[in-house]
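Below is one structure, written out as structure tokens; the observations come after it.
The values are calculated or read from the model by the stated rules, or taken from the named source; none is laboratory data. Bear in mind that the values here come from a model prediction, so they are computed numbers and not experimental data. Don't worry about glycine lacking a Cβ; one is built from the backbone with ideal geometry, like all the others, and counts go over all protein chains shown. What goes into the accessible areas is simple: the full protein's heavy atoms, side chains included, and nothing from ligands, DNA or RNA. Shrake-Rupley method; radii C 1.70, N 1.55, O 1.52, S 1.80 Å.
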Amino acid sequence: NDLKLDPRAWSEFWAASVHVVRNAIDHGIEAAEQRAASGKGEPVLELCTRVTEDRFVIEIKDDGRGIDWYKLADRACAAGLPCKTTADLHAALFEDGLSTRDVVTETSGRGVGLGVARSACQKLGGDVEVESSIGKGTTFRFVWPTRTLPDLARGAPASPVATSMRPRSRRLSVRPA
């Protein structure tokens, strides 16, 4: 979106965002047989950025199985974390050591990646929004107020609002192992 971000200031976030992509692939995208049975085609992982008058947004979205909120609630309760409300469960997603995976893989399951991504986002003055529907997929939306961006941007226009408002996205074909 024609917004140039200082790579030194944003390097921690970019490195941490890889955890969200890994989770989308390992937790979200179903095996080919499951996708076919659900009437889904090739898996989609979409990376999108958007600048509006008041927000800069980076989205990582998959069309996979969605977050199993009941399993997450069970794991959060077992770990002694708040687990009764939607806000509790959203917070539990980012707790270190909490995962809905039964087995740790090379890609995910240790329960640290999402917390690292949220922390890196918050250090830059942003926050994370999560939307997920069973069988439809999950979207992690990293959001920063545009008023904070001039301090973080190098080589950007004086007003980030003056940049292109057209969302940019990349669709990636993902084949689960």
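Some observations on this one:
- Scanning the stretch 21-61 for residues that are part of a strand (DSSP E or B) and over 16 Å from the mean Cα position of the chain (by Cα) yields Val51, Arg55.
- Selection status of Val103, modelled with pLDDT of 95 or more and either more than 13 Å from Asn23 (Cβ to Cβ) or open to solvent by less than 70 Å² (accessible area, probe 1.4 Å) (or both): no
- For the stretch 68-78, a residue qualifies if it is among the charged types (D, E, K, R), in a helix (DSSP H, G or I) and surrounded by fewer than 16 Cβ atoms within 10 Å (Cβ to Cβ), and the qualifying residues are Lys71, Asp74.
- Qualifying residue in the stretch 38-56 (condition: closer than 17 Å to Val143 by Cα, open to solvent by 30 Å² or more (accessible area, probe 1.4 Å) and out of contact with any Ser or Thr (no Cβ under 8 Å at 6 or more places or on another chain)): yes
- Cross-chain or 6+ apart pairs with Cβ under 7 Å, the stretch 122-147 first and open to solvent by 20 Å² or more (accessible area, probe 1.4 Å), then assigned to a helix (DSSP H, G or I) and hydroxyl-bearing (Ser, Thr, Tyr): Gly125/Thr148
- Residue that is farthest from Lys123 (Cα to Cα) [pool: residues in the stretch 1-20 that are in a helix (DSSP H, G or I) and among the polar types (S, T, N, Q)]: Ser17
- Selection from the stretch 57-67 of residues that are open to solvent by 40 Å² or more (accessible area, probe 1.4 Å) and touching a Ser or Thr at 6+ places or on another chain (Cβ under 6 Å): Lys61
- Residue satisfying all of: in the stretch 1-31; modelled with pLDDT of 90 or more and surrounded by fewer than 19 Cβ atoms within 10 Å (Cβ to Cβ); nearest to Arg101 (Cα to Cα) among these: Val18
- Subset of the stretch 79-96 [in a loop (DSSP other than H, G, I, E, B) and open to solvent by less than 60 Å² (accessible area, probe 1.4 Å)]: Leu81, Cys83, Phe94
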